[in-house]
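The values are calculated or read from the model by the stated rules, or taken from the named source; none is laboratory data. Computed from a predicted model, the values in this text were never measured in an experiment. With ideal geometry, Cβ positions are generated from the backbone for all residues, glycine too; neighbour counts draw on all protein chains shown.
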Amino acid sequence: MSRPTGYSISGYSSLIADAGRTAPYVAALTQAVRPGAVVLDIGAGTGFFSLLACRLGARRVYAVEPDNAIGVAREVAAANGCADRIEFIQELSTRITLPEPADVIVSDLRGVLPLFQHHLPSIVDARRRHLAPGGVLIPRIDRLWCAPAEAPELYLHHLGPPEGAAYGFDLRPALWPSVNTWCKTNAKREQLLADPAPWLALDYAVVESPDARGAVMWTVGRPGTLHGLLLWFDAELADGIGFSNAPGGPELIYGQAFFPLAAPVAVAAGDRVSAELAANLVSDDYIWRWDTTVLGAGGQVKAGFKQSTFFGAPLSPAQLRKRGAGYVPSLNADGQIRQLVLDRMDGHTPLGEIARALAEQYPGRFASWQEALAMVADLSQKYS
């Protein structure tokens with residue numbers, strides 16, 4: 001799999017420039033790559049890890065990246081005299097077969113958190129099919145932490161106008177989706193209302209399921225207002241080598257994840273906060289759930305919330321109906337157009353010929369065959 005979709009070349013450069021992230025990866029690769037090694041770089045981007053593996057003596061590097069940034073990686077490899085040792089593969093790692101097993105597999109497919117898109121399925125697949133016996137995975141383990149946090153400015157920014165009012169309009173119906181959506185932040189240690197608690201450990205040598213669930217509990221250490229939960233991770237790349245994006249530490253490119261509560265809750269020292277968090281991979285992204293309970297020092301319930309990102313992107317009844325097992329679909333005009341194009345991708349027909357046939361059959365949709373060619377080329381890039 002690739003890194004998060006939508007990365008620009010400057011975005012990849014920002015990843016490399018983040019010394020708090022990159023320096024530990026350099027140290028881990030230096031420890032793992034031996035002369036003559038075979039290295040698989042998943043989500044290679046512009047090829048930094050691949051270049052480093054060559055410098056460390058790798059005999060062969062397989063740089064896998066579905067994004068067009070791989071073209072830049074080829075140029076960079078040539079400029080550094082490594083092009084003859086790196087094989088560039090523009091594809092998802094789950095769709096490739098290597099001619100030999102890899103002694104080292106390196107990747108950074110995380111988003112703000114390691115539970116991101118198809119990160120885990122990609123690592124599990126690579127470990128099963130491409131890692132040599134006794135081979136090394138980088139990273140090795142990601143440990144996720146959670147803490148209750150006071151974040152009034154972030155909460156206000158995330159939810160919009162206070163009390164759901166702006167310019168005389170009642171915007172309260174939009175609050176429910178907002179409080180069921182998490183966001184990236186860079187928090188300070190002093191915003192935590194209790195000591196962090198471990199939520200989940202992802203051991204990439206043994207993990208199988210992309211889903212996660214766990215419960216945590218804290219005793220509030222100081223009075224304040226609870227606005228939400230902060231999640232972050234500590235990465236163990238190799239023996240004694242890693243990094244953390246914990247609040248209060250060096251600010252890394254990942255940031256932390258903030259999960260807002262449905263409403264702020266005033267808390268006092270000695271109150272107890274408990275949360276059950278779950279993340280389930282559905283299609284191409286995770287659906288998160290966080291159920292939070294706040295108890296006073298005497299055991300009385302101060303607040304209780306059940307939230308999920310499922311409610312953060314509401315679907316209309318018509319959309320939900322189309323996802324039902326009993327729904328009988330038929331193609332709309334866009335579907336018919338795509339079906340015509342894909343049917344003609346038979347291994348014999350040039351794209352230009354397909355585009356001309358498309359423009360002829362749908363003259364109201366395409367002003368010229370060149371306009372049709374743009375759609376045909378997009379489908380070719382995705383499916384051929």
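See the values below:
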| read-out | value |
| --- | --- |
| Candidate set from the stretch 158-194 (those that are surrounded by fewer than 11 Cβ atoms within 10 Å (Cβ to Cβ) and not charged (D, E, K, R)); member that is modelled with the lowest pLDDT | P162 |
| Residue within the stretch 182-195 that is in contact with a Pro (Cβ under 9 Å, 6 or more places away or on another chain), of a type in the set (D, E) and at negative phi present | yes |
| Count - residues of the stretch 53-70 that are out of contact with any strand residue (DSSP E or B) (no Cβ under 8 Å at 6 or more places or on another chain), surrounded by 14 or more Cβ atoms within 10 Å (Cβ to Cβ) and small (G, A, S) | 1 |
| Count of the stretch 285-310 residues which are outside any strand (DSSP E or B) and touching a strand residue (DSSP E or B) at 6+ places or on another chain (Cβ under 7 Å) | 3 |
| Helices (runs of 4 or more DSSP H) (entirely within the stretch 111-198) containing at least 2 residues that are within 24 Å of the chain's Cα centre (by Cα) and outside the structural domain of L29 (by TED's automatic domain parsing) | 152-159, 175-179 |
| Residue in the stretch 204-252 that is farthest from F49 (Cα to Cα), counting only those that are at pLDDT below 95 and among the small types (G, A, S) | G248 |
| From A313, A325, residue being within 30 Å of S384 (Cα to Cα) and assigned to a loop (DSSP other than H, G, I, E, B) | A325 |
| Positions within the stretch 262-288 being under 30 Å from the mean Cα position of the chain (by Cα), among the small types (G, A, S) and either under 26 Å from L193 (Cβ atoms) or outside the structural domain of D211 (by TED's automatic domain parsing) (or both), in sequence order | A262, A263, S274, A275, A278, A279 |
